[in-house]
């Protein structure tokens, strides 16, 4: 009986010492956290977890320390894991609240909304979670509105209206009207009035309209989009002009002649010269003979 009692006491003392060490690491981690040393605080909280892997406070504080280090994805993972094992509603509310913050910081608005809702389900009196939920809902609404706005294409040229309302530097301002015809570009099917539709000049990715000559002016606003001196409207009417211009360019030799080829060419020229001289000599002789006969 005494031996059994001794063993029980030893186990209890061991657990108590382990719990004390866990608390020491948590206290030190809290001190580092308060001092703004978030990496150091994370290390201390993880040491506490080595003493007690189920410590809610240590697990929760690790997530907080990760969040303060702007490791939002890691923080979300930490709170996500904790949300699956914690059963106490008040603690779960805190976990979901911080999970929502971690998701929101990553721009994951919809998942953050669900997390804030879960926080309120576990603690309807959590006013901070309620405030964050309202903010997230507004952010989602703005996100959806901007998405719809960016998809509007009034002139059906493939270029979003918001893009056509910007100047050539991408700055938003008053509606752009490239050809000054009173119709803004986002409603004009041929913004530069060159006879070529914006849809044709926009290229394969109308959201980022083509700029052939890389001068900062997209083709649908550029009267000479390839900067070859021929207006686009003339090239549209006479596409052969481009070919003529190319033909008028001085031609560059494709390859240099090798010494052997040069020598063969010289020999051929010399042979032609010799043949020509022989023909000339024969012609002179024939002329002389004819003159003698006539005499």
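Okay, here's what the table says:
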{"item": "The one condition in (1) closer than 17 Å to residue 168 by Cα; (2) modelled with pLDDT of 80 or more that residue 196 fails to fulfil", "result": "(1)"}
{"item": "Listing of helices (runs of 4 or more DSSP H) fully contained in the stretch 49-128 that carry 1 or more residues being in contact with a helix residue (DSSP H, G or I) (Cβ under 7 Å, 6 or more places away or on another chain) and closer than 20 Å to residue 30 by Cβ", "result": "56-68, 72-85, 89-105"}
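The values are calculated or read from the model by the stated rules, or taken from the named source; none is laboratory data. Remember, it's a predicted structure, so these values are computed and weren't measured experimentally. In this analysis, Cβ positions are derived from the backbone assuming ideal geometry, glycine residues included, and neighbour counts consider all displayed protein chains.
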